[in-house]
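Any read-out appearing in this document is the output of simple, stated calculations on the displayed coordinates, not a laboratory observation. Fair warning: this is a prediction, and the values are worked out from it, not measured in the lab. Ideal geometry is used to build each Cβ from the backbone, glycine not excepted, and the neighbour counts take in all protein chains shown.
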């Protein structure tokens, strides 16, 4: 197991320079996720309107994997349709299980290396599971 | 007499390499490694006289019973108990504390009564009392700690009131490493008629404990942190206190007689040992006590103090940018050094250290309220024992510099 598999440059870049960090003003939905085992926390705030994620920001604290994954996620889904975001969540979860993603993953592929470190998979998926809950809430 | 340099030969696990590096085990506060003397005692039980205790009249059952009770006697002597009957075997200190909360607490604690804990308790000394307080309508209060991780006793007279029934304190903090002034707290508690429970998870393995001199009424400990097998531990209390308590778990062995609608209880300590016990584990615990007694607890404590002082100095001298050590100076500290590094999450630190063969704990160490008060989600903890050597501290310090470098390049 090599550390380079885990700490790819793009991950460390998002960790030290997180994109879309903070809280969206006038959010239509907010959602908190936590990993009780390690104490990682993610707070998502989104503006979901007309079936589109108009804006999204994340806040929280945690390890490089959980924070970088959330940062990459916000970058990817901002301005995209809710359905597309849903497909991407499923694809990301599949990728972390070692299955075919069935979507173009782009930079997110860097997170594949986390699979070699099973304890850390939960860190990578925290933001995505939080987003899944947020989109379900927005649909209600 | 100090710890012999050959001690590491007794621990088979320390010979192995992990990720191509020698294993550097710095997580003894989680669980200690086991010497072959303990492993062999357990194997001997299973290979030579595995039988249920207090039941069979045949030879190997008698031998199993005798060895199980001999282990109890060893633990009793080790902790300064008046007699073996004052030691109840449990799975761990968590079960011991739950036993007290349930079997003593449910009878004696009522609405408006107070239970005094500290802000640095392990979850196992918080949650059982929370459950009890919710059920009985009692109130929880907490002794605060200062920025050095030491209990603030200035307001103790106000915190212990006429309504205080229980004061439960961790002897040595598993996160700060602080050695708490239990005797002083016990005097104040007893002056108000409260009983004192001591969580000895991090003290019994590391220093000479005299439960009666400590002023404890209950003392819980965990075997697996003191060289013994997983699933071993126990509770000490005076015989009279154990006798007036209700049972904890009901079942076989804990009874004197049983009818279809009622039962009477066995004598202490067996009243609290329902069902088949971990006999091999208890025998292993007895072997662990033998091992520690041979080393001498004074030598164990002196060795850990030397290693801990070295670690504090080495981490300071390494000048790792952004590193903060939690807890007090060496005078009030056991063999635990928790720390954070600004800008690098504890999990990432632990992950990088793992590639160097180093085992440390990353997380909240089951002291979430403590971490919350410090504004931290997690910390890294290095903890030491009889087999820890200075070279391992050097390896840790170098690996931390490397970790810092990896994440600085990224920033």
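Quick look at the numbers
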| quantity | calculated |
| --- | --- |
| Mean separation of Cα contacts under 8 Å, 6 or more apart, over the residue count of the range A:3-139: relative contact order % | 29 percent |
| Prolate/oblate/rounded label for the protein assembly as shown (Cα gyration tensor, a/c 1.5) | prolate |
| The range B:213-309, relative contact order in percent, only Cα pairs under 8 angstrom and at least six apart counted | 24 percent |
| Fluctuation leader among B:271, B:34, B:373 - chain B, Gaussian network, Cα springs under 10 angstrom | B:373 |
| At R0 = 45 Å, FRET efficiency that the Cβ-Cβ distance of residue B:342 and residue B:263 yields, to 0.05 | 0.15 |
| Residues in the range B:151-194 reached by a label modelled at residue B:141 [backbone nitrogen below 12 Å; 7 Å Cα→Cβ] | B:155-167, B:189, B:192, B:194 |
| Cα gyration tensor category, rounded, prolate or oblate, for the range B:39-294 with a/c compared to 1.5 | oblate |
| For the range A:38-103: rounded, prolate or oblate by the Cα gyration tensor [a/c cutoff 1.5] | oblate |
| Mean separation of Cα contacts under 8 Å, 6 or more apart, over the residue count of chain B: relative contact order % | 22 percent |
| Residues B:236, B:104, B:270 arranged by fewest to most Cβ contacts within 10 Å | B:270, B:104, B:236 |
| Calculated FRET efficiency for the pair residue A:140/residue A:94, C-beta based, R₀ 22 Å, to 0.05 | 0.30 |
| Label-to-label distance, nm, for residues given as residue B:290 and residue A:2 (7 Å Cα→Cβ offset) | 5.0 nm |
| Efficiency of FRET between residue A:104 and residue B:391 - r from beta-carbon atoms, R0 45 angstrom, step 0.05 | 0.35 |
| Span from the the range B:123-137 Cα centroid across to the the range B:228-288 one, whole angstrom | 22 Å |
| Theoretical gain in end-to-end length, residue B:21 to residue B:240 [0.36 nm per residue, Cα-Cα removed] | 73.5 nm |
| B:86, A:32, A:75 arranged by Cβ crowding within 10 Å, fewest neighbours leading | A:32, A:75, B:86 |
| Cα-Cα P(r), the range B:349-411, percent of pairs per 5 Å interval | 4, 16, 22, 20, 19, 14, 5, 0 |
| Footprinting exposure proxy for A:42, B:307 (fewest neighbouring C-beta atoms within 10 Å first) | B:307, A:42 |
| Distance (nanometres) between label positions extended 7 Å along Cα→Cβ at residue B:408 and residue B:191 | 5.2 nm |
| Separation in nanometres of the label points that stand 7 Å from Cα toward Cβ, at residue B:9 and residue B:73 | 3.2 nm |
| For chain B, calculated [θ]222 nm from helices alone, where every DSSP H run of n ≥ 4 adds -39500 (n - 2.57) | -11500 deg cm²/dmol |
| DSSP beta bridge pairing in the protein assembly as shown, given as percent antiparallel to the nearest 5 | 70 percent |
